[in-house]
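Here the structure is laid out as structure tokens; the discussion comes afterwards.
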Amino acid sequence: MNFNLKEAIEILEHTPQTLEKFLSGLSAGWLQCNEGDGTWNTLEVMEHLIEAEKNNWIPRLEFILQEGKGEAFPPFDRYAHLHKESTSWIDEKLLEFNMIRMHNLQQLKLLIKHEKLLEMRGEHPEFGEVKVRELLSTWVAHDLTHIAQIVRVMAKRYREDVGPWEEYLGILKK
């Protein structure tokens, strides 16, 4: 097992700044491109990350710590952001994500004061029994997944433009 709470927090703390440095000030072409029908563009990924910050990680952690395995925590709608009209642009989304994330990390540090709490178990509505350690590991992997997704989507925007170099660009083959 590789999970280490301190190291997990390092990634969770760096994600907002990583996204801000990478996305802030980019043109609409970069932010609105996607991989085809049914895929998300960068703005939609940011909306999903914000939705998860509001309704997934800390609410589920609190539920597990309070309720244990007694009942399943509420499901998280991974597509909820697609049903809301977005009026903000990337800089506002980045700021909102950063503010919610910093608050959530403060909550995380207040809630997990002892390593033994990482072994507490809760009931996922689909997977059944899960541990706090697994929830927090998933939070980190989720961040890294969506950072990779954003980079992949943006790289594929130039797929047809790179010519024969496509052969050497593994990101374009995923």
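The values are calculated or read from the model by the stated rules, or taken from the named source; none is laboratory data. For clarity, every value in this text was computed on a predicted model and none was experimentally measured. Cβ coordinates were reconstructed from backbone atoms using ideal geometry, including for glycine residues, and neighbour counts include every protein chain displayed.
State all residues of region 77-100 that are of a type in the set (Phe, Trp, Tyr) and exposed (fewer than 13 other Cβ atoms within 10 Å of the Cβ); if no residue qualifies, say none. Spell out how you get there, then give the answer.
Narrowing region 77-100 to residues of a type in the set (Phe, Trp, Tyr): 79, 89, 97.
The answer is 79, 89.
For region 141-157, the condition of being in a loop (DSSP other than H, G, I, E, B) and either surrounded by 17 or more Cβ atoms within 10 Å (Cβ to Cβ) or out of contact with any strand residue (DSSP E or B) (no Cβ under 7 Å at 6 or more places or on another chain) (or both) holds for at least one residue. When you scan region 124-140, how many residues do you find that are free of Cβ contacts under 8 Å to residues at least 40 places away in the same chain and out of contact with any strand residue (DSSP E or B) (no Cβ under 7 Å at 6 or more places or on another chain)? Number of matching residues: 4. Taking only region 18-46 into account, find how many residues are of a type outside the set (A, V, I, L, M, F, W, C), within 24 Å of residue 103 (Cβ to Cβ) and either in contact (Cβ under 8 Å) with a residue 12 or more places away in the chain or surrounded by 12 or more Cβ atoms within 10 Å (Cβ to Cβ) (or both). Total satisfying the criteria: 5.
Inspect region 96-110 for any residue being over 19 Å from the mean Cα position of the chain (by Cα) and in contact (Cβ under 8 Å) with a residue 24 or more places away in the chain and give the result as yes or no.
First, pick out the residues of region 96-110 that are over 19 Å from the mean Cα position of the chain (by Cα): 110.
If we keep only those that are in contact (Cβ under 8 Å) with a residue 24 or more places away in the chain too, we end up with none.
For region 96-110, residues over 19 Å from the mean Cα position of the chain (by Cα) and in contact (Cβ under 8 Å) with a residue 24 or more places away in the chain: absent.
Applying the set (1) in contact (Cβ under 8 Å) with a residue 24 or more places away in the chain; (2) touching a Lys or Arg at 6+ places or on another chain (Cβ under 6 Å); (3) within 20 Å of residue 143 (Cβ to Cβ) to residue 121 leaves exactly one unmet item: (3).
Give the residue, chosen from 49, 43, 61, that is among the hydrophobic types (A, V, I, L, M, F, W, C) and touching a His at 6+ places or on another chain (Cβ under 7 Å).
Values: 43 fails: touching a His at 6+ places or on another chain (Cβ under 7 Å); 61 fails: touching a His at 6+ places or on another chain (Cβ under 7 Å).
None of the others qualify; the one that does is 49.
I'd like to check which helices (runs of 4 or more DSSP H) are fully inside region 8-120 and have at least 2 residues that are under 26 Å from residue 156 (Cβ atoms) and of a type in the set (Asp, Glu).
Working: elements: 28-32, 42-55, 57-67, 90-111.
Those helices (runs of 4 or more DSSP H) span 42-55, 90-111.
With respect to residue 129, is the statement that it is over 22 Å from residue 143 (Cα atoms), at pLDDT 95 or above and of a type in the set (Asp, Glu) true? Here the answer is yes, as residue 129 does meet what is asked. Check region 67-76 and report whether any residue there is surrounded by 13 or more Cβ atoms within 10 Å (Cβ to Cβ), under 21 Å from residue 150 (Cα atoms) and in contact with a helix residue (DSSP H, G or I) (Cβ under 6 Å, 6 or more places away or on another chain). Within region 67-76, not a single residue is surrounded by 13 or more Cβ atoms within 10 Å (Cβ to Cβ), under 21 Å from residue 150 (Cα atoms) and in contact with a helix residue (DSSP H, G or I) (Cβ under 6 Å, 6 or more places away or on another chain).
Counting the residues of region 157-173 that are among the basic types (Lys, Arg) and in contact with a helix residue (DSSP H, G or I) (Cβ under 6 Å, 6 or more places away or on another chain) gives 1.
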